[in-house]
Amino acid sequence: MATVYSPEYKASIIERMLPPNNVSVPELVGETGIPKDTLYSWRSRAREQGLEAAQASEALERELRRKDKALAEAAALLVLDKKLQTLLGADAGEGSAWSSDAP
């Protein structure tokens, strides 16, 4: 019959196998009595999940940088619009030079 380990215990063992701890599988087999194949499987899955999480994080960071650039561009356009209104003496109520109702 297969032994069932609690998620907390399993997570604590996986944490010990991964950096910065890097406890070897044979050492953990001696300490815990968990079969080496089980430990190797846990470590492999944890590394795969970590890689997937890192890739997702990189994609989110790229998207954030893209949106930051778009926001900076929009802010620059608003500043330029305000300067243009000031230079042309436009009234505040006339709207932006960028509005669709501009002549």
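Some observations on this one:
- Within the stretch 23-44, being under 15 Å from TYR9 (Cα atoms), part of a helix (DSSP H, G or I) and hydrophobic (A, V, I, L, M, F, W, C) holds for LEU28, VAL29, LEU39, TRP42.
- In this entry, ILE14 is excluded by the filter for residues that are part of a loop (DSSP other than H, G, I, E, B), touching a helix residue (DSSP H, G or I) at 6+ places or on another chain (Cβ under 9 Å) and among the hydrophobic types (A, V, I, L, M, F, W, C).
- Qualifying positions in the stretch 45-63 - surrounded by 11 or more Cβ atoms within 10 Å (Cβ to Cβ) and either not in a helix (DSSP H, G or I) or not basic (Lys, Arg) (or both): ALA46, GLN49, GLY50
- Those residues of the stretch 32-44 which are surrounded by 11 or more Cβ atoms within 10 Å (Cβ to Cβ) and not small (Gly, Ala, Ser), in sequence order: THR32, ILE34, PRO35, LYS36, THR38, LEU39, TYR40, TRP42, ARG43
FYI, it's all coordinate maths here, none of it is from the lab. As the structure is a computational prediction, the values presented were derived from the model and not from experiment. Glycine also receives a Cβ, built like all others from the backbone with ideal geometry; neighbour counts cover every protein chain displayed.
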